[in-house]
Amino acid sequence: MAQPITTKSSGICFAFPDVCKTPTPGGPVPIPYPNIGDLSQADKTSENVKINGKPIILEDSEIPSSNGDEAGSIGGVVSGKIKGKVTFTTYSSTVKVEGKGVVRMGDTTQQNDDNAVGTVLYGEATLKGG
């Protein structure tokens, strides 16, 4: 089924839980936090092909930092970090731009440097791809 193609727009990627070690008086406690990546901050997007004037998010695009887990200041239980990067783990195998698969709404992500699995929830693009 065709899904909306994502661009460097006002969309987000969302992951829950992003379990991070949080300081407490009794010592660090793992607590689940939401983790949000802002598509408008993505790097390694399309250079020449655009939708509505916005670069397209591609299979090797990255969002350099995320937010929502700052209270877990000791770091993620897997990554040891907070506010880590977002990478895209699924993308179209049939629709390619500049030789790379396009990321679509509903595709999966790794967030906070692989500490949480997420989803592309919203993208502004009006084109759909399989």
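None of the figures in this text is laboratory data; all of them are computed from the coordinates on show. Bear in mind the structure is a predicted one, so any value in this text is a computation, not a measurement. Here the Cβ positions follow ideal geometry from the backbone for every residue, glycine too, while neighbour counts run over all protein chains shown.
Please enumerate the residues belonging to the range 91-107 that are outside any strand (DSSP E or B), among the aliphatic types (A, V, I, L, M) and surrounded by 22 or more Cβ atoms within 10 Å (Cβ to Cβ). Correct list: Val103 only.
Kindly indicate which of Ile12, Ile36 is touching a residue at least 24 places away in the same chain (Cβ under 8 Å), touching a Gly at 6+ places or on another chain (Cβ under 6 Å) and not polar (S, T, N, Q). Walk me through it before giving the result.
Values: Ile12 fails: touching a Gly at 6+ places or on another chain (Cβ under 6 Å).
Residue meeting the stated conditions: Ile36.
Yes/no per residue for (1) in a strand (DSSP E or B); (2) surrounded by fewer than 18 Cβ atoms within 10 Å (Cβ to Cβ):
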site	(1), (2)
Phe16	yes, yes
Lys21	yes, no
Gly27	no, yes
Ser65	no, yes
Ala71	no, yes
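Only one of (1) surrounded by fewer than 20 Cβ atoms within 10 Å (Cβ to Cβ); (2) over 25 Å from Phe16 (Cβ atoms) is not met by Ile56, so which one is it? For Ile56, the exception is condition (1). Please specify each residue of the range 73-90 satisfying the condition of being surrounded by fewer than 23 Cβ atoms within 10 Å (Cβ to Cβ), outside any strand (DSSP E or B) and touching an Asp or Glu at 6+ places or on another chain (Cβ under 7 Å). Passing the criteria: Val78, Ser79, Lys81, Lys83, Lys85, Thr90.
If you filter the range 29-53 down to residues that are surrounded by fewer than 14 Cβ atoms within 10 Å (Cβ to Cβ) and among the β-branched types (Val, Ile, Thr), you find that the one that is nearest to the chain's Cα centre (by Cα) is Val49.
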